[in-house]
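Notes follow once the structure below has been shown.
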Amino acid sequence: MFGGTHLPDITVITPAFSGDNIIFYVASRAHHADIGGILPGSMPPASKELYQEGAAIKSEKLVSEGHFNEKRITELLLDEPGQYPGCSGTRCLSDNINDLKAQVAANQKGINLINTLMSDYGESVVKFYMTNIQLNAEQSVRSLLKDVYKRFEGQDLSAEEFMDDGSPIRLKVTIDPEKGEAVFDFSGTGPEVYGNINAPEAVTYSAIIYCLRCLISEDIPLNQGCLAPIHVRIPKKSFLSPSDNAAVVGGNVLTSQRVTDTVLKAFKACAASQGDTNNLTFGFGGSSGGGKKDGKSGFGYYETIAGGSGAGPTWHGTSGVHTHMTNTRITDSEVFERRYPVLLKEFSLREGSAGKGMHRGGEGVIRDIEFRIPVQVSILSERRVYHPYGMEGGEDAACGLNIWVRKVDKKEVDPNSDAVKTAGKQEEEESFRYINLGAKNTAAMRPGERIIVHTPGGGGWGREGESERVDGKRDPKEGWKGGSVAGRQSTAEASA
């Protein structure tokens, strides 16, 4: 958690040696499907304190002299989180241990590759290029900032965005054109929240470096050199710099998206993408709090759901894609239904959710899941109140919506109602209630009940009806920028 994102992200760091000296560190960060806390999936939508979100591991030696310390990691993941009221230890310890061993193996693979490089080219050459990769990134950012200064004629850049609870993120970017440096000042951002959208400072830094890399036209690897010319000012006690015990599980997956929206808005780079990760978790089991086990090992499942990307000056948005921080692959439908007690009723594009404009935004998706056993289902999402913005006259995209299709008990039905008098399909349809869960909620769902997640679309760019500027002859490596709408349009034009 130190300097990190949120508790399910566990980072494993391994030193790479040259003789007796450490010359590099290799690291892998993985999101674990469950690490305890108050709800399966360890992404509770209503957490108020950090301990409610699961195991908080500041630093611990995992491997010593080739021995994986399974006893200690079991204490950290299973025993310690279960000591808090209403909390459980991990519900799938074997998965955690196997995933951690996979991270250790991934690091060892990285060390082997470094050793191969040094064997082929020599240690001094490898260190030279490692240093200059960062220097090159730094120079690329400095050039970008100088160009931006000219484009905006020396004016400061500013933007404001809001979380769904109304918490503001305010940004002012001041560029020094001589040095190619910039100050990103978040003064005026809202205070720490009694909820979980607080974000450790590292989240804001990650969003900034991500945006800068997106704005650079050169093909450079993402690295710390991008931040060398950047000075970041984050007000203490704001929800971008919260206290140590503040709940933060939404900060990494939701607030990070809004910081990204704010930076790209300030640079007038593109319309907003869905601005949300649509975090869906479900499962059961664990302990009942106080460290007492209930006899069920249980499980936790976690996924993020795609939406629409924003349009830009020369491209349409793309429909049904993961954007910005939703850089995960969703489980294949066949695997999803085989391994978990679910039926996937629908997974389709959400027509009409994209923002209109000269360049159209991407469509969101509809994901409809029916549960076959009793499970606790949680949704942690954003952009259910504030629409993803359009730019330069483009229209905003549709907000998201989360629906619980809940069974109606027979005793709840009025015997004189139409639901009882009618038969067949109509009676079946009226035996359910359709309940808006809001952006952040959890519910105990019974067999046959469903959650339907409608994800936001992407904003449009430019006024609808203005001449198109989509370049159908773009470098194929940048084909993703054309988007699904642009791709179809370019194909049609080529056919004509």
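The values are calculated or read from the model by the stated rules, or taken from the named source; none is laboratory data. Since the structure is predicted, the reported quantities are computational estimates derived from the model, not experimental observations. Ideal geometry is used to build each Cβ from the backbone, glycine not excepted, and the neighbour counts take in all protein chains shown. These accessible areas exclude ligands, DNA and RNA; they are computed on the full protein's heavy atoms, side chains included. Shrake-Rupley method; radii C 1.70, N 1.55, O 1.52, S 1.80 Å.
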Hey, ASP414 hits all of (1) modelled with pLDDT of 95 or more; (2) part of a loop (DSSP other than H, G, I, E, B) but one; which does it fall short on?
(1)
What are the pairs with Cβ atoms under 8 angstrom where one residue, in segment 99-128, is open to solvent by 60 Å² or more (accessible area, probe 1.4 Å) and the other, located anywhere, is in a helix (DSSP H, G or I)? Sequence gap at least six, or different chains.
LEU117/VAL126
How about segment 147-174: which of its residues are in contact with a helix residue (DSSP H, G or I) (Cβ under 7 Å, 6 or more places away or on another chain) and open to solvent by less than 20 Å² (accessible area, probe 1.4 Å)?
LEU157, ALA159, GLU161, MET163, ILE169, LEU171, VAL173
Tally up the residues in segment 145-202 that are more than 16 Å from ASP261 (Cβ to Cβ), in a strand (DSSP E or B) and not small (Gly, Ala, Ser), please.
7
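Do we have PRO81 as touching a Cys at 6+ places or on another chain (Cβ under 7 Å) and touching a residue at least 24 places away in the same chain (Cβ under 8 Å) here?
For PRO81, the condition - touching a Cys at 6+ places or on another chain (Cβ under 7 Å) and touching a residue at least 24 places away in the same chain (Cβ under 8 Å) - is met.
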Note on ALA486: of the conditions (1) modelled with pLDDT under 95; (2) surrounded by fewer than 21 Cβ atoms within 10 Å (Cβ to Cβ), unmet is (2)
Residues of segment 233-277 that turn out to be open to solvent by 10 Å² or more (accessible area, probe 1.4 Å) and assigned to a strand (DSSP E or B), as a count
1
When the residues of segment 315-346 are filtered to those that are free of Cβ contacts under 8 Å to residues at least 24 places away in the same chain and among the hydrophobic types (A, V, I, L, M, F, W, C), which remaining residue is surrounded by the most Cβ atoms within 10 Å (Cβ to Cβ)?
PHE336
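Report, by residue number, each residue of segment 211-232 that is assigned to a helix (DSSP H, G or I) and surrounded by 20 or more Cβ atoms within 10 Å (Cβ to Cβ). Spell out how you get there, then give the answer.
Step one: filter segment 211-232 for residues assigned to a helix (DSSP H, G or I), giving 211-215, 224-227.
Hits for segment 211-232 are CYS211, LEU212, GLY225, CYS226.
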Kindly list, by first and then second residue, each pair from a residue in segment 242-262 that is within 24 Å of VAL173 (Cα to Cα) to a residue that is part of a helix (DSSP H, G or I) and open to solvent by 10 Å² or more (accessible area, probe 1.4 Å), limited to pairs with Cβ atoms under 7 Å and residues at least 6 apart or on different chains.
SER256/SER206; THR260/TYR210
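Output yes when any residue across segment 59-66 is more than 30 Å from THR442 (Cα to Cα), of a type in the set (Lys, Arg), open to solvent by 60 Å² or more (accessible area, probe 1.4 Å) and out of contact with any Gly (no Cβ under 9 Å at 6 or more places or on another chain), and no when none is. Can you show your working first?
Kept after step one, since they are more than 30 Å from THR442 (Cα to Cα), are these residues of segment 59-66: 59-66.
Restricting the remaining residues to those that are of a type in the set (Lys, Arg) gives 61.
Now restrict to residues that are open to solvent by 60 Å² or more (accessible area, probe 1.4 Å): 61.
Now narrow it down to the ones that are out of contact with any Gly (no Cβ under 9 Å at 6 or more places or on another chain): 61.
Looking for residues that are more than 30 Å from THR442 (Cα to Cα), of a type in the set (Lys, Arg), open to solvent by 60 Å² or more (accessible area, probe 1.4 Å) and out of contact with any Gly (no Cβ under 9 Å at 6 or more places or on another chain), one finds at least one in segment 59-66, hence yes.
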Name every residue in segment 28-51 that is over 18 Å from the mean Cα position of the chain (by Cα) and either over 16 Å from GLY82 (Cβ atoms) or open to solvent by 30 Å² or more (accessible area, probe 1.4 Å) (or both), in order of residue number.
ILE38, LYS48, GLU49, TYR51
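Of these, GLY300, GLY312, GLY289, which one is open to solvent by less than 20 Å² (accessible area, probe 1.4 Å) and at pLDDT 90 or above? Before you say what the answer is, go through the steps one by one.
On the way: GLY300 fails: at pLDDT 90 or above; GLY289 fails: at pLDDT 90 or above.
When all the criteria are applied, what remains is GLY312.
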Lone unmet requirement of (1) touching a Ser or Thr at 6+ places or on another chain (Cβ under 7 Å); (2) part of a loop (DSSP other than H, G, I, E, B); (3) open to solvent by 50 Å² or more (accessible area, probe 1.4 Å); (4) at pLDDT 90 or above for PHE2:
(4)
